[in-house]
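The values are calculated or read from the model by the stated rules, or taken from the named source; none is laboratory data. Keep in mind that this is a model prediction, so the values were computed, not measured. Quick reminder, even Gly has a Cβ in these numbers, built from the backbone with ideal geometry, and neighbours come from all protein chains shown. The area values use the complete protein model at the heavy-atom level, side chains included, leaving out ligands, DNA and RNA. Shrake-Rupley method; radii C 1.70, N 1.55, O 1.52, S 1.80 Å.
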Amino acid sequence: MDILTLELFDVTVSEALREVNRVLEDHPGLPLRIVIGGDDMLLHNVQRFLERSGRTATPFREGSGWRVETASRDAPAPALARAPEPAVRVIPAPAPAAPRPLLLTRAALGDGNGGVGRRLLLGVLRELDPQVPWVALALEATGLLEDPEALALLTALQARGTPVRVSRGSLLFPDGPGGAFEVIEDSQWQRLAGKGELTIL
């Protein structure tokens with residue numbers, strides 16, 4: 001049986017998920033092999049995307065990278081004869097963009113008078129799309145780690161598979177957090193922000 005091979009090197013998470021989605025739509029009946037570099041965050045997001053698409057994703061370590069094998073969702077019965085590929089291929093419309101990572105820089109929306117801004121910001125976290133690859137806290141948003149309700153929401157996000165990170169530069173502030181969440185290098189989110197691939201609140 002034919003297996004499609006997709007190589008994902010030097011791409012962002014959103015670019016990788018768009019490409020996987022395009023291949024799944026173009027070839028729903030074929031198993032897929034995805035080759036990824038050593039980016040474990042990319043591997044995790046590709047696995048989650050495939051599983052939400054109804055495919056079992058099995059990763060295999062290959063040197064410093066990964067190979068992900070996945071069978072077709074509804075594997076068709078083998079055909080007696082395979083029709084030749086058409087000479088001209090119709091290119092489908094681009095798939096909707098995957099949700100971008102979220103960077104919080106404030107502990108409340110707006111000026112936060114009377115706690116309304118804090119409640120509205122926590123509402124955003126409650127309604128966060130599971131496909132958002134990660135959430136990061138920087139600057140004043142690190143104050144959320146001292147709010148039990150906000151901390152419970154962030155912990156729940158991480159438990160469901162949405163990593164929560166804290167800006168390394170924000171750890172320099174006197175009230176900066178220590179704790180249970182991963183530290184993100186500022187250059188990582190700054191690069192995404194510079195390319196318009198990050199949502200900042």
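Let's see how each residue does on (1) surrounded by 10 or more Cβ atoms within 10 Å (Cβ to Cβ); (2) at pLDDT below 85; (3) not in a loop (DSSP other than H, G, I, E, B):
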| residue | (1), (2), (3) |
| --- | --- |
| Ser72 | yes, yes, no |
| Val88 | no, yes, no |
| Pro94 | no, yes, no |
| Ala97 | yes, yes, no |
| Ala107 | yes, yes, no |
| Pro130 | yes, no, no |
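Select from region 132-165 the residues that are without any contact (Cβ under 8 Å) to a residue 12 or more places away in the chain and within 30 Å of Glu51 (Cα to Cα) and write down the one among them that is surrounded by the fewest Cβ atoms within 10 Å (Cβ to Cβ).
Applying the filter and picking the extreme gives Ala159.
Do we find that Glu19 is in a helix (DSSP H, G or I), open to solvent by 30 Å² or more (accessible area, probe 1.4 Å) and touching a strand residue (DSSP E or B) at 6+ places or on another chain (Cβ under 7 Å) in this structure?
Details: in a helix (DSSP H, G or I): yes; open to solvent by 30 Å² or more (accessible area, probe 1.4 Å): yes; touching a strand residue (DSSP E or B) at 6+ places or on another chain (Cβ under 7 Å): yes.
So Glu19 fits the description; yes.
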